[in-house]
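Step one of this worksheet: look at the structure below.
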Amino acid sequence: METAEFLQALQTEGRLLAAAAEEAGTDAKVPTCPGWQVRDLLRHTGAVHRWAAAFVAERITERRPPAEPTGLDGAELVVWYRDSHRHLVETLAAASPDVECFTFLPAPSPLAFWARRQAHETAVHRVDAESARGGGPTGVTPEFATDGIDELLRGFHARPKSRVRTPEPRVLRVRAQDTGAVWTVRLSPGPPVTTRDASGEADCELSGPAEELYLALWNRAPLPDATGDRALAALWREASAI
């Protein structure tokens with residue numbers, strides 16, 4: 001996907017998130033994030049939006065922690081979130097394609113990184129807001145879902161922080177039936193190593209539509225039926241939280 005497509009997704013997802021949060025109310029519990037209420041969701045996601053925008057706008061090259069607001073709640077918090085989202089979209093849309101700033105996953109450029117990362121950040125948390133409101137989640141395109149799976153498997157879980165590990169080498173395969181995308185996740189005592197292929201034998205395979213896999217692998221929906229060693233699917237559920 002191109003940066004412009006991620007920006008469009010980011011704009012849409014943030015608006016949906018705000019609308020669902022407003023409808024649910026900031027006191028509502030977030031079923032997909034046990035222990036959170038909508039106020040926690042808005043404070044977190046809005047702070048991440050402002051954090052990301054600052055790296056790009058100020059060309060900051062070193063990591064800095066995000067800062068969540070402490071006194072905002074209710075309607076004022078929803079307004080603050082909408083302003084945070086608008087500021088992020090405008091900042092990314094106006095940024096130079098060759099802007100240099102901090103990133104934390106491989107990407108063609110910092111701007112491409114932040115547009116992609118914030119689009120998926122917002123989409124996943126939009127699902128959280130909709131779970132608090134009630135009713136099924138708004139759909140995403142198979143292409144967007146496939147990209148989100150790729151970012152998760154080959155980005156986040158390639159890092160030393162990943163806790164998805166096994167004492168002995170094992171192989172988990174993920175297959176998006178509608179887009180044809182396949183990932184082979186090699187597990188070991190070290191961080192997972194994922195390739196975009198179907199090479200070798202797999203101990204366990206998760207397959208389904210890309211959107212179903214996207215939400216499941218981000219722990220926002222049940223995992224699809226697994227073939228092979230289901231203990232690897234259980235390991236993902238237990239250890240993959242970001």
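The values are calculated or read from the model by the stated rules, or taken from the named source; none is laboratory data. The structure presented is a predicted model; accordingly, all values stated were derived computationally and were not measured. Because the Cβ atoms are built from the backbone with ideal geometry, glycine has one as well, and the counts that use them run over all protein chains shown. Heavy atoms of the whole protein, side chains included, go into the accessibility calculation; ligands, DNA and RNA do not. Shrake-Rupley method; radii C 1.70, N 1.55, O 1.52, S 1.80 Å.
Measuring from a point 7 Å past the Cα of Arg63 along Cα-to-C-beta, which residues in the range 147-190 have an amide N at less than 14 Å?
Residues 156-162 fall inside that zone.
Check every DSSP H run in the chain and write down those whose alpha carbon atoms cover 20 angstrom or more along the long axis and whose mean Kyte-Doolittle hydropathy is -0.5 or greater.
3-24, 38-57, 74-94
Could you list the trypsin sites (Lys or Arg not before Pro) in the range 136-237 that lie in coil according to DSSP, counting only those with at most 10 other Cβ atoms within 10 Å of their Cβ?
Lys161
Using a 7 Å offset from Cα along Cα-Cβ at Ala241, what residues in the range 37-54 end up with backbone N under 16 Å from the label point?
Backbone N within reach: 37, 40-41.
Is the C-alpha gyration tensor of the chain telling us rounded, prolate or oblate? Criteria: a/c under 1.5 is rounded; beyond that, a/b larger than b/c is prolate, otherwise oblate. If you can, show how the numbers build up before the last one.
Details: a/c = 1.87, a/b = 1.41, b/c = 1.32.
Judged from the Cα gyration tensor, the chain comes out prolate (a/c at least 1.5, a/b above b/c).
Please identify, among Ala20, Ala158, Ala198, the residue showing maximal mean-square fluctuation in a Gaussian network model of the chain using a 10 angstrom Cα cutoff.
Checking each option, the largest mean-square fluctuation is seen for Ala198.
Does the range 177-242 classify as rounded, prolate or oblate by the C-alpha gyration tensor (a ≥ b ≥ c root eigenvalues; a/c under 1.5 gives rounded; else a/b over b/c gives prolate, otherwise oblate)?
Because its axes are fairly even, with a/c under 1.5, the range 177-242 counts as rounded.
Please name whichever of Val182, Pro34, Val99 sits farthest to the positive end of the charge dipole of the chain, dipole taken about the Cα centre and charges placed at Cβ: Lys and Arg +1, Asp and Glu -1.
Of the listed residues, the answer is Pro34.
Just the number please: accessible area per residue for the range 61-114, 1.4 Å probe, all protein chains included, in Å². The partial results should precede the final answer.
Values: 3130 Å² over 54 residues.
Ligands and nucleic acids excluded, the figure is 58 Å² per residue.
Is the range 50-146 best put as rounded, prolate or oblate by its Cα gyration tensor, with a ≥ b ≥ c the root eigenvalues, rounded for a/c under 1.5, and otherwise prolate when a/b is larger than b/c, oblate when not?
Oblate, since a/c reaches 1.5 and b/c is not below a/b.
What's the center-to-center distance, using Cα atoms, between the range 164-217 and the range 21-78 in Å?
31 Å
Go ahead and estimate [θ] at 222 nm for the chain from helices alone: -39,500 (n - 2.57) per DSSP H run with n ≥ 4, summed, over the residue count, rounded to 500.
The helix contribution divided over the chain gives -16500 deg cm²/dmol.
Can you tell me the dipole magnitude for the chain around its Cα centre, using point charges on the Cβ only (Lys, Arg +1; Asp, Glu -1), in Debye to the nearest 20?
620 debye
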